[in-house]
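In what follows, a structure is listed as structure tokens, so that the remarks can point back to it.
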Amino acid sequence: MSFMIPPRRSLRDVFPYQPGKSIASVQRELGLKSVIKLASNENPLGPSPRAAAAYRRQEKLLALYPEGSSPELRAALARFHRVEAESVIVGNGSDELIRLLCEAFVEPEDEVVVSQHAFIRFKQQAAMMGARVIEVPMTDWTHDLELMAKAASPRTKLVFVANPNNPTGTYNTQEEVSALLAAVPKTALVVLDEAYWHYAQSIPGYPKSLPDLVRAHENLMVLRTFSKAYGLAGLRVGYGVGDPELIGWLDRIRMPFNANLPAQVACVEALKDAAFVKRAVALNETQRALVARAMSDLGFGVGESATNFVFARSPVPGRELFKALLRQGVIVRPLDEYGLSSHVRVSTGTPAQNKTLLKALQQVLAVPA
Ligand SMILES: Cc1ncc(COP(=O)(O)O)c(C=O)c1O
């Protein structure tokens, strides 16, 4: 017997997303007790304590369905960003919103413009809809928004810009983003994915997207997430802010209960936990600089990063380094799927985790301590 039903044509070349390797799988496979994960840009401080406390309080309500449209979280986000609640949608991670955008707007053969080495989910998701994905070269490891604007045509439905970008860690300025918005046809939606916003927002010239740019451009959607600075990657909550008409379409096609009950409640509290976010951002700032300097001393080509990770050219092939570090109980991210086989991405850890990382790197590269 063999399975005879072909999937949709546009799915035939689809390759699955490769998430960072989990601690449990490394422990299982290599028989290691102590493993640290610096592979998925999570918050090394753990979850926002306010959010975690709210999460625990939901236990008694787990038998009930949540409210499907996350009304309280939506309202809290609207207040937080000084926009209308109708301009906000909550997703099962911002990842779900990337999917919904493609499902809502991309017909087979429509064009979707992305940058080379941009967050890979953009092109994966667009390809699933049968889009023609136009990949525009980077300049200095940064999205070239001028070239991306030139690549946009009347057939273009979506232009994805991760700002800052994962995995390169680079960002685009307000001036560049505004020029892109002025140049693309109004029939193309610009999606500004600001998953790492907290780590970049204080950089001079970094865009003020919420509420300013979104209010000024009906063809702009901004995505943010609770997975990074709030430390809630496991809850799976992201959100988007854009024109109410656009939000209405996404709302119509999302899963009826896409954000679960404890997630909705915990994220309302996370928004109030400015002290935790401040601590996370400050820790990232000092520790990322320390790791970047040490890796540079070890022979890595380290780029500037506006995020909570270091992007670096490795002195040995990325996958070899990844495997050797695994044996030392340290998980980093090789970047072959991005066409970057000489590079690795290393998330900022706690001081203790970073010490372990640097010791493991010395060992693997056989550098005398
Ligand atoms: C640029 C970018 N966008 C979106 C996401 C997805 O985040 P979420 O956990 O909200 O789905 C990530 C996750 O690493 C990311 O790096």
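The values are calculated or read from the model by the stated rules, or taken from the named source; none is laboratory data. All values reported here derive from a predicted model rather than from experimental measurement. For neighbour counting, all protein chains shown are included, and Cβ atoms are generated from backbone atoms with ideal geometry for every residue, glycine included.
Are any of the residues in region 59-72 within 30 Å of VAL346 (Cα to Cα), in the same structural domain as ALA149 (by TED's automatic domain parsing) and modelled with pLDDT of 95 or more? No, that holds for no residue. Can you pull out every residue in region 320-343 that is closer than 18 Å to PRO167 by Cβ and touching a residue at least 40 places away in the same chain (Cβ under 8 Å)? Selection gives LEU321, VAL330, ILE331, VAL332, ARG333, LEU335, GLU337, TYR338, GLY339, LEU340, HIS343. All conditions in (1) at positive phi; (2) surrounded by 19 or more Cβ atoms within 10 Å (Cβ to Cβ); (3) not hydrophobic (A, V, I, L, M, F, W, C) hold for ASN354, with the sole exception of (1). On the stretch given as region 220-248, residues that are more than 16 Å from the ligand (Cβ to nearest atom) and surrounded by fewer than 18 Cβ atoms within 10 Å (Cβ to Cβ) total 3. Only one of the listed residues (ARG12, ARG74, ARG79, ARG50) is surrounded by fewer than 17 Cβ atoms within 10 Å (Cβ to Cβ), closer than 30 Å to LEU210 by Cα and of a type in the set (D, E, K, R). That residue is ARG79.
Annotation note: of GLU107, GLU103, GLU96, the sole residue that is away from the ligand (no atom under 16 Å from the Cβ) and either in a helix (DSSP H, G or I) or not basic (Lys, Arg) (or both) is GLU107. Restricting attention to region 20-43 and to residues that are surrounded by 16 or more Cβ atoms within 10 Å (Cβ to Cβ) and more than 15 Å from the ligand (Cβ to nearest atom), the residue that is nearest to LYS323 (Cα to Cα) turns out to be VAL26. Of the residues making up region 208-242, those that are part of a loop (DSSP other than H, G, I, E, B) and of a type in the set (Lys, Arg) number 3.
Considering (1) in contact with a helix residue (DSSP H, G or I) (Cβ under 6 Å, 6 or more places away or on another chain); (2) within 20 Å of LEU210 (Cα to Cα); (3) not in a loop (DSSP other than H, G, I, E, B); (4) not basic (Lys, Arg), the lone condition that VAL161 does not fulfil carries the number (1). Does PHE311 satisfy being within 27 Å of ASN163 (Cα to Cα), outside any loop (DSSP other than H, G, I, E, B) and touching a strand residue (DSSP E or B) at 6+ places or on another chain (Cβ under 7 Å)? So PHE311 fits the description; yes.
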